[in-house]
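Worksheet: the structure to be examined is printed underneath.
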Amino acid sequence: MSRLWSPAEWVAPLVPIASLAILPLGPLFFPRTYLIVLFTYFILFLYTQINHVRKFWLTSRKIKATIRKWNRRLNNKKDDSTTLDDVEEKLQYYEDPHYYHAFILPNYCEHEDLLKDTIDRLASHSFAQSHYALILAMEESEHGWEEKARRLQSYYSGKFNQIIITAHPSDIPGESRGKGSNVAYAARQGCSQLVKLGIDPHRIIITVSDSDSAIPELYIREVEEALAKSEDPYHLVCAPPIFFSRNCFDVPAAVRVTDITWSAMVMSNLSNSRGMCIPCSNYSLSMVLADEVGYWDTDADAVGEDMHMWLKCFWKTQGQVRTAPIYVPINLTNVQTSSYFSNVSARFVQAKRHYNGVADVAYTLRNAFKSPSAISFYERLKVCFIILEAHMVPATSGWLMFAAVPIMQFLLFPPFPSIMALVPPQQNPILTSDFYAHLWKAIKLVTLCLPLPLFGTLAVYEQLHRTIDREFLHKSKSRTLSHLIDYINLPIAAWLFMTLPSTLACVKRLLDRQEKYITSEKLFRNNSGLIVESAATADQHIVDQ
């Protein structure tokens with residue numbers, strides 16, 4: 001509990017608690033102040049959401065442009081009649097990679113067929129045999145990990161320049177088991193082996209992947225280009241958008257629309273100014289940068305490994321690190337189980353794990369206002385805003401957007417005033433002041449407008465999803481107009497998979513116990529068309545902090 005002595009640790013739990021407490025207390029005890037707070041919150045929320053629609057639209061345009069540029073390159077390869085522009089485009093894409101790419105594949109009790117499906121996509125890349133190292137990041141606590149790793153190593157022998165197996169011990173003091181600690185161990189051990197093999201550490205680019213990530217060759221091509229164009233490639237983090245199309249039609253609509261909105265938020269984040277955007281799930285950075293900052297943190301407060309690593313790089317390099325958006329979608333798998341309710345439950349568990357990254361709120365605030373710092377005050381505030389928005393908006397907006405106006409209406413204007421009135425009419429500011437009466441009308445009007453940016457986001461997403469499916473993944477089946485009915489589930493899905501788990505994660509910061517390694521169950525079709533289950537596992541061992 002010693003961490004609670006830090007004021008920064010109280011921000012995350014107090015914000016949702018205050019937002020819940022203010023719902024009944026505000027109208028009863030300080031209605032005038034509460035009306036002003038509500039109006040300010042809703043206006044700021046509406047502005048940020050409109051801005052997110054704009055940024056998402058920009059990202060979607062760049063994704064489409066990148067895909068179409070790639071497709072033109074592929075078509076030009078088949079066509080002997082080329083123009084000068086075609087030749088330049090070919091040269092851009094066909095130069096041998098300058099960097100050596102080490103792919104870390106962390107996994108814990110994942111089905112071997114799922115891992116093969118992921119690795120197959122990497123093995124198909126043009127330069128896999130000459131410029132790729134596959135690091136199989138296994139967990140020692142998984143029964144049969146060594147046999148599984150050896151089978152994979154043997155199966156892909158000759159497909160990669162190097163295949164390295166690492167086994168993360170389960171008993172390292174001070175560690176919290178999870179993706180971050182596995183990646184940290186694999187990066188140190190794997191990169192060390194590559195350097196011993198004579199590979200220049202300045203050429204090694206680490207790409208962190210999920211076990212179900214379908215990484216296309218275009219992503220690596222764009223990473224190479226981003227690094228080549230950067231004035232400081234060793235302080236660059238490359239971040240792609242995430243996309244869910246592998247099994248999206250096999251999961252409940254509530255799960256599907258949750259991952260759609262999650263994907264849209266990540267894509268919107270990629271268009272943040274000044275290169276300050278947070279990677280999600282998959283990202284690339286140089287070994288030089290990883291070594292400079294001491295690799296990944298492994299304690300319980302670093303559970304959101306992607307966000308935490310970016311923040312660590314930013315603070316440790318005094319703000320030199322920037323993100324290069326790579327406009328190539330990484331196709332992921334939705335959480336899927338064998339029944340509807342178990343699928344919803346599994347997605348809820350996954351959401352709780354994601355929002356445990358709220359620990360980064362305190363980490364950010366501590367570093368932002370620590371002095372001295374070479375980072376400008378504006379940039380420190382901007383990073384704080386990005387992290388607070390990512391974690392505090394989900395923990396407050398669901399309660400305030402859905403409940404604030406109805407509860408205030410009920411408390412100030414009850415259906416049976418003579419019996420249920422808690423606020424006398426002479427103390428009701430809406431009845432005694434024209435200003436607050438107009439403010440109340442404005443709040444109700446703004447509340448009706450709050451969903452409009454979401455509708456804009458979904459309109460952009462629907463068009464983008466079809467483009468990616470048809471022009472990039474070359475799928476015969478994509479979303480159609482009939483799938484718009486999915487969005488009926490959004491209010492419940494937003495509360496169940498965003499507001500509730502984020503609130504629980506925030507409040508849990510007041511406790512000194514946390515669950516550890518949890519992986520989500522997935523069903524998928526293997527190359528034979530058979531449905532294979534990747535069993536959910538949960539290590540419920542609890543640690544004191």
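Give the residue, chosen from Val335, Val361, that is over 30 Å from Asn247 (Cα atoms), of a type in the set (Val, Ile, Thr) and within 17 Å of the chain's Cα centre (by Cα).
Val361
Failed condition for Tyr156, given (1) over 26 Å from the mean Cα position of the chain (by Cα); (2) of a type in the set (Ser, Thr, Tyr); (3) buried (at least 20 other Cβ atoms within 10 Å of the Cβ), with all others met?
Among (1) over 26 Å from the mean Cα position of the chain (by Cα); (2) of a type in the set (Ser, Thr, Tyr); (3) buried (at least 20 other Cβ atoms within 10 Å of the Cβ), Tyr156 violates only (3).
Restricting the stretch 225-251 to residues that are crowded, with 23+ Cβ neighbours inside 10 Å and more than 17 Å from the chain's Cα centre (by Cα), which is nearest to Lys69 (Cα to Cα)?
Top of the filtered list is Leu236.
Can you confirm whether Leu152 is aliphatic (A, V, I, L, M), assigned to a helix (DSSP H, G or I) and in contact (Cβ under 8 Å) with a residue 12 or more places away in the chain?
Yes: the conditions hold for Leu152.
Would you please list the contacts, defined by Cβ atoms under 8 Å and residues six or more apart or on different chains, that run from a residue in the stretch 10-27 that is within 8 Å of Cys506 (Cβ to Cβ) to a residue that is polar (S, T, N, Q)?
Val15/Thr396; Pro16/Thr396; Pro16/Ser502; Pro16/Thr503
For residues that are modelled with pLDDT under 95 and acidic (Asp, Glu), scanning just the stretch 197-216, find the one that is surrounded by the most Cβ atoms within 10 Å (Cβ to Cβ).
Asp212
Cβ-Cβ distance below 7 Å, separation of 6 or more or different chains: which pairs start in the stretch 45-60 with a residue that is more than 18 Å from Pro240 (Cβ to Cβ) and end on one that is modelled with pLDDT under 95 and polar (S, T, N, Q)?
Close Cβ pairs (under 7 Å, with a partner that is modelled with pLDDT under 95 and polar (S, T, N, Q)) amount to Phe45/Ser397.
Mind checking whether some residue in the stretch 176-196 is surrounded by fewer than 23 Cβ atoms within 10 Å (Cβ to Cβ), within 21 Å of His308 (Cα to Cα) and either modelled with pLDDT under 95 or of a type in the set (Asp, Glu) (or both)?
Yes, the stretch 176-196 contains at least one residue that is surrounded by fewer than 23 Cβ atoms within 10 Å (Cβ to Cβ), within 21 Å of His308 (Cα to Cα) and either modelled with pLDDT under 95 or of a type in the set (Asp, Glu) (or both).
For the subset of the stretch 468-486 comprising residues that are surrounded by 18 or more Cβ atoms within 10 Å (Cβ to Cβ) and out of contact with any strand residue (DSSP E or B) (no Cβ under 8 Å at 6 or more places or on another chain), which member is farthest from Pro241 (Cα to Cα)?
Asp486
Looking only at the stretch 295-302, decide whether some residue is of a type in the set (D, E, K, R) and in a loop (DSSP other than H, G, I, E, B).
Of the residues in the stretch 295-302, the ones of a type in the set (D, E, K, R) are 297, 299, 301.
Remaining after also requiring in a loop (DSSP other than H, G, I, E, B): 297, 299.
Checking the stretch 295-302: at least one residue is of a type in the set (D, E, K, R) and in a loop (DSSP other than H, G, I, E, B).
The conditions are (1) under 18 Å from Gln49 (Cβ atoms); (2) surrounded by 12 or more Cβ atoms within 10 Å (Cβ to Cβ), and Leu445 fails exactly one of them. Which is it?
Condition not satisfied by Leu445: (2).
Just need a number here: residues in the stretch 278-288 that are buried (at least 22 other Cβ atoms within 10 Å of the Cβ) and either more than 18 Å from the chain's Cα centre (by Cα) or without any contact (Cβ under 8 Å) to a residue 60 or more places away in the chain (or both).
4
Checking Trp262 against (1) under 30 Å from Ile50 (Cβ atoms); (2) buried (at least 23 other Cβ atoms within 10 Å of the Cβ); (3) not basic (Lys, Arg), which test does it fail?
Going through the list (1) under 30 Å from Ile50 (Cβ atoms); (2) buried (at least 23 other Cβ atoms within 10 Å of the Cβ); (3) not basic (Lys, Arg), Trp262 breaks only (2).
Among the polar types (S, T, N, Q), closer than 24 Å to Arg221 by Cα and in a helix (DSSP H, G or I): does that describe Ser130?
Yes; evaluated as a whole, the condition is true for this residue.
Report yes if Ser141 is surrounded by fewer than 20 Cβ atoms within 10 Å (Cβ to Cβ) and not in a helix (DSSP H, G or I), otherwise no.
When the stated conditions are applied, Ser141 passes them.
The values are calculated or read from the model by the stated rules, or taken from the named source; none is laboratory data. Here the structure is a predicted model, which means the values were calculated and not measured. FYI the Cβ positions are ideal-geometry reconstructions off the backbone, even for glycines, and counts take in every protein chain you see.
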